[in-house]
Amino acid sequence: MASRMMLSPFTKGLLVLNGWSRRSWASAGLALAALVTGGVLVAREVTSPVFALEQGPLADTPECARIAGNYPSSLAGNERDRVSYEGLAAWGRGAVELRCGLYPPAPTTDMCVTVDGVDWVLEEAQSRDGRKYLVTYGRRPAVEVSISDDVPETDVVLVEMSRLVAPVKQRARCIAPDA
């Protein structure tokens, strides 16, 4: 014969509060915690100054991880912004934005400049609305830097970005040496 456990009215009251079981209360607590956590994460991303920036298709490469490990805390007088996307960085509330993990550009007639051994192509078609876009040439993955016209030290930005990108092996040059 099976024995049956008898519960006192007090014990029954502890197990079922306002018609809810312990399991119901625990589930409600977990759901509330998940909702609050999700809201905080969404709020952080929506307020990010580079929310509209898209990750490059190669952003998860070891080269981008090495570059990310060396991002400076400030750049041309601008503090680094908090950005949680892989392969992206920004300084000065988006005055300077970096995207690592792009496919290298094809040969182009766009202006090219070499800064400390790193070739940068000025993407003239994309440079507008007060921003200049430059992308590394001959390196995989490529790195794109977007600089607001409000940043007076563009040369300082390119020198620092070249230092970051230099470890990525260069496979081609955009400026042919004089013959």
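The values are calculated or read from the model by the stated rules, or taken from the named source; none is laboratory data. All values reported here derive from a predicted model rather than from experimental measurement. Methodologically, a virtual Cβ is constructed for each residue, glycine included, from the backbone with ideal geometry; neighbour enumeration extends over all protein chains shown. Side chains included, ligands, DNA and RNA excluded: accessible areas come from the protein's heavy atoms. Shrake-Rupley method; radii C 1.70, N 1.55, O 1.52, S 1.80 Å.
Which ones in the range 74-94 are in a strand (DSSP E or B) and surrounded by 15 or more Cβ atoms within 10 Å (Cβ to Cβ)? The answer is 75, 78, 80, 88, 89, 90, 91.
Candidates in the range 124-154 are the residues that are assigned to a loop (DSSP other than H, G, I, E, B) and open to solvent by less than 40 Å² (accessible area, probe 1.4 Å); of these, the one that is farthest from residue 56 (Cα to Cα) is 151. For the range 96-118, a tally of residues being assigned to a loop (DSSP other than H, G, I, E, B) and of a type in the set (D, E, K, R) returns 2. Given the criterion in contact (Cβ under 8 Å) with a residue 24 or more places away in the chain, aliphatic (A, V, I, L, M), over 21 Å from residue 174 (Cα atoms) and buried (at least 18 other Cβ atoms within 10 Å of the Cβ), identify the matching residue among 158, 53. The unique qualifying residue is 53. Taking the range 61-73 as the range and being loosely packed, with under 15 Cβ neighbours inside 10 Å and more than 14 Å from residue 160 (Cβ to Cβ) as the test, the residues that pass are 62, 65, 66, 69. Could you list, in sequence order, the residues of the range 161-179 that are of a type outside the set (Asp, Glu), farther than 21 Å from residue 56 by Cα and either touching a helix residue (DSSP H, G or I) at 6+ places or on another chain (Cβ under 9 Å) or surrounded by fewer than 18 Cβ atoms within 10 Å (Cβ to Cβ) (or both)? Listed by number, the residues that qualify are 173, 175, 176, 177, 179. On the given criteria, is residue 121 surrounded by fewer than 17 Cβ atoms within 10 Å (Cβ to Cβ), modelled with pLDDT of 90 or more, of a type in the set (A, V, I, L, M) and assigned to a strand (DSSP E or B)? No.
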